[in-house]
Amino acid sequence: MVNRRQWLAGSAGAALAAQSGAARSIVIASSNGLRPCAKAMEILRSGGDTLDAVIAGVNIQEEDPDDDSVGYGGLPNEEGVVELDACVMHGPTRRAGSVASLRNIKYPSKVAKTIMEQTDHVMMAGDNALRFAKAFGYKEENLLTEKSRLAWLVWKASLRDARGHSNWSDGLDAPGKPTAWLQRLFPEASPELLAYAWDRAMHPVTGTINCLALNVKGEMSGVTTTSGLSWKIPGRVGDSPIIGAGLYVDQDVGAAGSTGRGEENIRVAGAHTIVENMRHGMAPKDAVLDCLKRVSRNYNRDKSRLTKFDINFYALRKDGVYAGGSLWNGQTRQGKLSPRRFAVNDGGQSRLEDCIYLYERR
Ligand code: GLY
């Protein structure tokens, strides 16, 4: 459950924002959103539109080869092809756009906006979405980096049949760590790169970025963009392009978004649930916790199953009160727990704040 320190920390940030109402602009995002929040704030300050602001923000992650959960450098599907999902919602016009399973285009968030602006559809997918994007001048390019290609190859090499056999090794070594057999397979790769690739092979990512903005006029918009679950079956679509799951904005109430395991979010229509909770009077942190409880309920609150994944929600109310919340207090990697955080910019430098959470990993 939420501990006292976390609760107070969340409440303090929220209370501060509440005092100011919507008298100042606020941008929040998932933990990879420090630079995106700063960029979005810069655009809000110069009078730019809230949707243009959040899209320009997340474009930074979409083109960053080191963010392996979004855009260029995102980890690919099981066939080594990067498949992207994204959606946008524009509060002032109440419009939405979404794209799923898009290949070879670095900025799916922009494509989602083009769909919103240039058609009367909301969602496009796959090859036809690619054709649509190309018709509107988007450049086709290979989104695999050398790093993500190696991670994909290491993932393939890690696969074993029921007898523990892998087509990539003679079976005489006993893999379990990126030791000699992996270095033999990929002699050019550094031990650090192989350690990273092995970690990703063992723990597929559902990273994603969600970014929500409120300006001084009370206008709100949001965006969610992702390369989705790494090593997914081609065609798998997560929550990120699903309006109401990966993102929902109603600027009369607020906005919400999500990162993490999309399958769980789709089953609780998380972003819409959170906005509706706020509409019915819940504070953002309570709205987020309620949504996390719905995720937990879908597993009869069985922590031994819930521990296998994580999911995060972000909520920004129209008066500037905000919250970030996770199913678990953090993520354990190599025996170390890193706490879950989310990014906030309310006019100064972007900062990370602690997420509230439902359960504690020990
Ligand atoms: N939340 C990203 C995904 O599951 O695809």
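Numerical summary
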{"read-out": "Check on residue 137, assigned to a loop (DSSP other than H, G, I, E, B) and without any contact (Cβ under 8 Å) to a residue 40 or more places away in the chain", "value": "yes"}
{"read-out": "Single residue of segment 75-92 satisfying the filter (more than 12 Å from residue 227 (Cβ to Cβ) and among the small types (Gly, Ala, Ser)) that is farthest from the ligand (Cβ to nearest atom)", "value": "91"}
{"read-out": "Output for segment 39-65, where each listed residue is more than 14 Å from residue 212 (Cα to Cα) and crowded, with 24+ Cβ neighbours inside 10 Å", "value": "61, 62"}
{"read-out": "Filter result for residue 257 (in a loop (DSSP other than H, G, I, E, B), crowded, with 24+ Cβ neighbours inside 10 Å and not charged (D, E, K, R))", "value": "no"}
{"read-out": "Every residue from segment 217-249 that is part of a strand (DSSP E or B) and not polar (S, T, N, Q)", "value": "220, 222, 223, 243, 247, 248, 249"}
{"read-out": "Members of segment 233-248 that are in contact (Cβ under 8 Å) with a residue 40 or more places away in the chain and surrounded by fewer than 24 Cβ atoms within 10 Å (Cβ to Cβ)", "value": "233, 234, 235, 236, 237, 243"}
{"read-out": "Long-range neighbours under 6 Å by Cβ, at least six apart or interchain, first residue away from the ligand (no atom under 13 Å from the Cβ) within segment 220-232, second assigned to a loop (DSSP other than H, G, I, E, B) and of a type outside the set (Gly, Ala, Ser)", "value": "220/251"}
{"read-out": "Residue within segment 60-71 that is more than 22 Å from residue 236 (Cα to Cα) and part of a helix (DSSP H, G or I) present", "value": "yes"}
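Residue-wise test of (1) of a type in the set (Asp, Glu); (2) crowded, with 18+ Cβ neighbours inside 10 Å; (3) free of Cβ contacts under 8 Å to residues at least 60 places away in the same chain; (4) out of contact with any helix residue (DSSP H, G or I) (no Cβ under 7 Å at 6 or more places or on another chain).
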{"site": "103", "(1), (2), (3), (4)": "no, yes, yes, no"}
{"site": "117", "(1), (2), (3), (4)": "yes, no, yes, yes"}
{"site": "133", "(1), (2), (3), (4)": "no, yes, yes, no"}
{"site": "145", "(1), (2), (3), (4)": "no, no, no, yes"}
{"site": "151", "(1), (2), (3), (4)": "no, yes, no, no"}
{"site": "162", "(1), (2), (3), (4)": "no, no, yes, yes"}
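No value in this document is a laboratory result; all are computed from the given coordinates. Just so you know, these numbers come straight off a predicted model, no measurement behind them. Note that we place each Cβ from the backbone using ideal geometry, even for glycine, and neighbour counts take in every protein chain shown.
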